[in-house]
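Before any comments, here is the structure.
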Amino acid sequence: MDISSDILLEVRDLDVSFQSRQGEVRAVNGISYFVRRGEVLGLVGESGGGKSVGVHAVMSLLGTSARINAGSALFEGRDILRLTRRELASFRGREVSMIFQNPSSYLDPVFTIGRQMVETVRAHDKGISKESARALSEDMLRSVGIRDPERRMRQYPFEFSGGMSQRVMIAIALLCKPKLLIADEPTTALDVTTQAQIIQLLKELQEQSGMAMLYITHNFGIVAELCDRVSVICGGYIVEQGLTDDIFYHAAHPYTQALLKLIPRIDSPKNETPPSIEGPPVESVTLPKGCIFHPRCPCCMDVCRQNAPPQTALEQDHSASCWLL
Amino acid sequence: MKTRTADNANSAAGLRPAAPSSIWGDFLRKLCKNKTAVAGFIVFVSVCAACALAPYLTKWDYHTLDTENVFAPPSREHLLGTEYLGRDILARLLYGGRVTLRITLVSTSLAAVIGCLIGLAAGYFRGRADFFISHLLDILASIPVFLLIIVTETAFGWGRGNFMYAMAVAAVPQFARLVRASVMNIISCTYIEAARALGVRHSKIILRHILHNIAPPLIIRFTSGVAEALIICTIMGYLGVGINPPTPEWGALAFVSKSYMRSHPLLIILSSAVIAVCVISVNLFGDGLRDALDPRGT
Amino acid sequence: MTKYIIKRILMIIPIVLGVILILFVLLYFLAGSSIRQMPIFGGGDALDKIFTFFGADDNFITKYIRYCYNILFKLDFGRAGDIGFNVTRELKYRIRNTLLLLGSGVGATLLIGIPAGAYAAIHKNRIGDRVINLVTLLFSSIPNFSVAFFLTLFFAVYLRILPVLISYTSPKAFIMPALTIALGGVASIARMTRASMLETLEQPYIIALRSKGLREADVVYRHAMKNALVPIVSALGGLVSQLLLGTLVVEHFFSVPGLGSLMMTSVGMRDHNTILGCAAILTIILTVTNIITDILYAFINPQIRLLYAGKRAAYREKGRRNEDENG
């Protein structure tokens, strides 16, 4: 297998902006990332940094106020930003599925879980009978750890707790055996115990099926647990990407280093205030000139204020954009 | 939403949301920018003015019969012609507008004032009074408006004045419920709690803080109340409730001309048009008000 | 659920008796003069005797209790002006007309208002949206009698395709009355549908439905539509009460013998029993509408449905859920 076909999804120079009353908000400024078959890529950054937008744009899920200015997203060689509506419908859910942050608000409240699952199966496989679609759905629910699926299929989303809803979301997403699962902060809204269970579940499912996964989070703890590679995103730019180990032990970009410092440590002294990155997050309406991180960077130089830094390759698969390198 | 968050931010310090003058100034500026709202306001006010100045605008009065001149077409003498008894149509429309508009405006204002007092009392003092009032309002609101008007009319006797009061009674629940809900909403804000804790008197709290905050929804409710009352008033006039001939009223005018609608449709067309113009202009103005008062803005 | 419905149906009785009490007090103590004071009766002992025989001279409490007793156990609404025609028979004959008119009006309102509002929401801020907004605003601003007039002029006089008189044999005859009644309500229903649809289309689960590969038509017309209907269903009760006024006008305009026209004539005659009978029937219609609304609401909103199914079931469910979480 040659290198190029090894890559499942490749996003190039994606540029997305929103129309708002204050003017054009530049959410994503030419980001590029790729996902190989069977690997887990983590997309890490602060909230408002453009992680979600960069991924929703790939699935053509952005609202009408968003505009994709430039870029392409090649999935197995096909540019999925330029699919027709019909192609898009058969692509979503079958090739790439998604799970979301707040599971209970992402399930239609007035349909039973069973109906929502069966309709997903039948949307992609017109010939399948209702009974076998139901059987398939029950199996899937069982495999995400929901007991008594037959009864649960007849229930409505509000009868499920947060963790259970997320399991249902995962089951729905995996119904058609997608090649890539996009997880948009799937555990952020859950409590810590449930979080750990869900991450464990995702890890098992990913290893069993060998699908690729794109995991969006702001939590480096989850990254360490789950991801093979990491892309760090800040203010709509990818500032650093590399293998998880490289990022953890040889972080090159000051922003990554700052984020890593935020991980709570068991050996940190008591009564210390939790650390934070100094200064306000990036205002997307008035992007600073030069490097995106310079207003908050502890080692800011003159050149950082003038020009955006180019991407520098450090090791295999590890690169960063900073004038220090 | 924006104001709400601003409220919360300020309320922590026990402050009032913002200087009221700036809110109202902002509101007026936004309203004046909205062309359809301004147009609606101008049209409605000029119709009102025309009706008020009826004696100066036409030399005819609304009740002089001219049996020689029945169904006269528009001419220099009778600008819009005459109807089946030879009375001048323009005069009847203008004098009819006086009746309709006065009933509409007075009854809605009355309902607004009464509803406001009831709602304030129920919302501010809560307790048994609130229980009693809100249940009574629920019952009143569940009786169809026309039933209420007709029965009140029958009970207190027919007549223009009683008709006006009956309309007011029928409109009270909507105002009272709105005010009660807004008051309860505001009263739970911490800045009112702070004022209470500081020992500010009830009357002062109500006047200064609550009235300021319930004014916007009340104004919006008032305009749509006027539009609804206009429709109800003309329909009641059409059905012959409350207004006795020869008093002209827009709905009553339409009723009389119904018998001649195939041969002489002018009067029914004109009275429908004048009602529609008034209601539409009030509605447009109300929409503009809502947009201007909505803190979310556009 | 059945238990709940039966409870609601039984609740009609106190509501109707309460409304009758209010009206009874108003009419008995304030309206004073009844049909017997009308000059056509003149006076005289014989007439007094007849009125006394029919119980017209009893005191307030006796009259009220007798009236309620007769309604509840004999379904008897008394005689017009205490001595005249049988109100019950008159009501029976007229209920059908009013219900037919009201029903077709409500049907037309929903059939026009909901699709119009949904279309406006999907085509937000485009020409279709603006046109619908304008047209509904226009129609809601014209009183019903003008609408009836223009419809008659256009369809019956100019095009000659619709009859003016109501007849049960041709459903065509109901088109104009139904439209007349509906046009006042269409605007509010369309506006409500538009707002509700816009809000629904912004919900997160719409994104999730798209992400799993449903066709846009399924997302909008099956999922969003059903969710958007929830608040509209709860507004149905108010709608019916609003459309009753239109029904009154239509009965008058198209000369339909219905409850509204009966009430208008009996008001003129100060005929208390007939007024009360009409009011009672109208109140029952409204209360039943509210019950139907609640049932529909429960039907479309599973959360409410389960609530009605009984508290015990809900507790059982909660127990199971906890067990799932721990397991």
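Quick rundown of the values:
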{"quantity": "Whichever residue in the range B:138-150 is farther than 18 Å from B:G237 by Cβ and assigned to a helix (DSSP H, G or I) and, among such residues, is farthest from the other protein chains (Cβ to nearest Cβ)", "calculated": "B:D138"}
{"quantity": "Test: residue in the range B:160-167 that is within 14 Å of another protein chain (Cβ to nearest Cβ), open to solvent by 20 Å² or more (accessible area, probe 1.4 Å) and touching a Leu at 6+ places or on another chain (Cβ under 9 Å)", "calculated": "yes"}
{"quantity": "Meets criteria (touching a helix residue (DSSP H, G or I) at 6+ places or on another chain (Cβ under 9 Å), in a helix (DSSP H, G or I) and free of Cβ contacts under 8 Å to residues at least 24 places away in the same chain) for C:A116", "calculated": "no"}
{"quantity": "Answer from B:G251, B:G297 - the residue that is at pLDDT below 90, surrounded by fewer than 24 Cβ atoms within 10 Å (Cβ to Cβ) and small (G, A, S)", "calculated": "B:G297"}
{"quantity": "Total residues in the range A:149-162, condition open to solvent by 10 Å² or more (accessible area, probe 1.4 Å) and assigned to a helix (DSSP H, G or I)", "calculated": "5"}
{"quantity": "Subset of the range B:260-270 [facing chain C (nearest Cβ under 8 Å) and not β-branched (V, I, T)]", "calculated": "B:M261, B:R262, B:P265"}
{"quantity": "Residue within the range A:90-102 that is touching a strand residue (DSSP E or B) at 6+ places or on another chain (Cβ under 7 Å), of a type in the set (S, T, N, Q), surrounded by 15 or more Cβ atoms within 10 Å (Cβ to Cβ) and assigned to a loop (DSSP other than H, G, I, E, B) present", "calculated": "yes"}
{"quantity": "Checking B:T247 against (1) polar (S, T, N, Q); (2) away from chain C (no Cβ under 14 Å); (3) farther than 30 Å from C:T152 by Cβ, the condition it does not meet", "calculated": "(3)"}
{"quantity": "Tally of residues being of a type in the set (S, T, Y) and more than 8 Å from every other protein chain (Cβ to nearest Cβ) across the range A:89-111", "calculated": "1"}
{"quantity": "Residue list for the range C:122-155, restricted to those being open to solvent by 20 Å² or more (accessible area, probe 1.4 Å), among the β-branched types (V, I, T), over 21 Å from the mean Cα position of the chain (by Cα) and within 27 Å of B:M236 (Cα to Cα)", "calculated": "C:V135"}
{"quantity": "Pairs, first without any contact (Cβ under 8 Å) to a residue 24 or more places away in the chain and within 12 Å of chain B (Cβ to nearest Cβ) in the range C:151-164, second open to solvent by 50 Å² or more (accessible area, probe 1.4 Å) and of a type in the set (D, E, K, R), C-beta under 7 Å, six or more apart", "calculated": "C:V157/B:R262"}
{"quantity": "Near pairs, Cβ below 9 angstrom, 6+ apart or cross-chain, from the range B:195-209 (closer than 20 Å to B:V179 by Cβ) to any residue that is hydrophobic (A, V, I, L, M, F, W, C) and open to solvent by 60 Å² or more (accessible area, probe 1.4 Å)", "calculated": "B:H202/B:F125"}
{"quantity": "Unique residue being without any contact (Cβ under 8 Å) to a residue 12 or more places away in the chain, among the polar types (S, T, N, Q) and within 14 Å of chain B (Cβ to nearest Cβ) when the list is C:T265, C:T247", "calculated": "C:T265"}
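Yes/no per residue for (1) of a type in the set (D, E); (2) open to solvent by 20 Å² or more (accessible area, probe 1.4 Å); (3) touching a Leu at 6+ places or on another chain (Cβ under 9 Å); (4) not in a helix (DSSP H, G or I):
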site: C:L245; (1), (2), (3), (4): no, yes, no, no
site: C:H252; (1), (2), (3), (4): no, yes, yes, no
site: C:L276; (1), (2), (3), (4): no, no, yes, no
site: C:N290; (1), (2), (3), (4): no, yes, yes, no
site: C:Y297; (1), (2), (3), (4): no, yes, yes, no
site: C:Q303; (1), (2), (3), (4): no, yes, no, no
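The values are calculated or read from the model by the stated rules, or taken from the named source; none is laboratory data. Values in this document were obtained by computation on a predicted structure and should not be read as measured data. Neighbour counts run over all protein chains shown; Cβ positions are idealised from the backbone, glycine included. Note: areas computed on protein heavy atoms with side chains; ligands, DNA, RNA excluded. Shrake-Rupley method; radii C 1.70, N 1.55, O 1.52, S 1.80 Å.
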